[in-house]
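The values are calculated or read from the model by the stated rules, or taken from the named source; none is laboratory data. Everything numeric in this text was worked out from a predicted model, so none of it was measured. Cβ coordinates were reconstructed from backbone atoms using ideal geometry, including for glycine residues, and neighbour counts include every protein chain displayed.
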Amino acid sequence: MRALIIAPPPGYLKLLAPVTEGLTVSSRADGMYPFVQVFATRLAEIRAFARKLPKHAAPNALVWISYPKKTSKVEGDLSRDVIREAMNGTGWRAVSIVAIDEVWSALRFRPAAHVRSRSKRGPD
């Protein structure tokens with residue numbers, strides 16, 4: 001399997017090494033990927049990523065947008081809501097959020113066509 005990880009922070013790929021055996025990890029886009037993760041600190045980076053996403057994310061790819069937490073010392077203008085709004089109209093919808101570590105959080109996106117609306121879900 002191929003994975004595209006764009007602008008990872010120092011040490012991130014080394015941290016992933018134990019779980020990426022057999023995985024080809026690229027930091028430069030070359031074709032389509034079933035897993036795409038981008039690290040960004042600015043809205044302009046998210047907008048540029050969103051424009052390129054259709055060229056590099058497979059139809060049902062796992063797409064993660066990672067951004068610095070407000071409590072971190074990393075400067076930026078991103079938040080969960082800013083990223084969701086920036087991705088509106090791209091055909092991708094946020095489906096979950098996770099904390100990566102004390103600095104980074106990530107939103108997972110799926111193609112909107114593959115996301116059931118809350119009103120259609122059955123009882124939890």
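Looking at 55, 70, can you tell me which residue is basic (Lys, Arg) and without any contact (Cβ under 8 Å) to a residue 12 or more places away in the chain? Even if it seems obvious, please write down each step before you answer.
Numbers: 55 fails: without any contact (Cβ under 8 Å) to a residue 12 or more places away in the chain.
On inspection, the qualifying residue turns out to be 70.
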**Report entry** Checking residue 31 against (1) at pLDDT 90 or above; (2) under 16 Å from residue 66 (Cβ atoms), the condition it does not meet
**Finding:** (2)
Query raised in the report: On the given criteria, is residue 44 modelled with pLDDT of 95 or more and within 18 Å of residue 89 (Cβ to Cβ)?
Result: yes
**Report entry** Whichever residue in the stretch 63-81 is farther than 18 Å from residue 36 by Cβ and under 16 Å from the mean Cα position of the chain (by Cα) and, among such residues, is surrounded by the most Cβ atoms within 10 Å (Cβ to Cβ)
**Finding:** 68
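Rundown of residues vs (1) touching a helix residue (DSSP H, G or I) at 6+ places or on another chain (Cβ under 6 Å); (2) buried (at least 19 other Cβ atoms within 10 Å of the Cβ); (3) within 15 Å of residue 101 (Cα to Cα), yes/no style:
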site: 13; (1), (2), (3): no, no, yes
site: 19; (1), (2), (3): no, no, no
site: 39; (1), (2), (3): no, yes, yes
site: 45; (1), (2), (3): no, yes, no
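Can you tell me which residue in the stretch 82-109 is modelled with the highest pLDDT, limited to those that are hydroxyl-bearing (Ser, Thr, Tyr) and surrounded by 15 or more Cβ atoms within 10 Å (Cβ to Cβ)? Break it down into steps so the answer makes sense when it comes.
Narrowing the stretch 82-109 to residues hydroxyl-bearing (Ser, Thr, Tyr): 90, 96, 105.
Those still in the list that are surrounded by 15 or more Cβ atoms within 10 Å (Cβ to Cβ) too: 90, 105.
Details: 90: 91, 105: 97.
Applying the filter and picking the extreme gives 105.
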Query raised in the report: Can you pull out the residues in the stretch 1-11 that are small (Gly, Ala, Ser) and surrounded by 13 or more Cβ atoms within 10 Å (Cβ to Cβ)?
Result: 3, 7
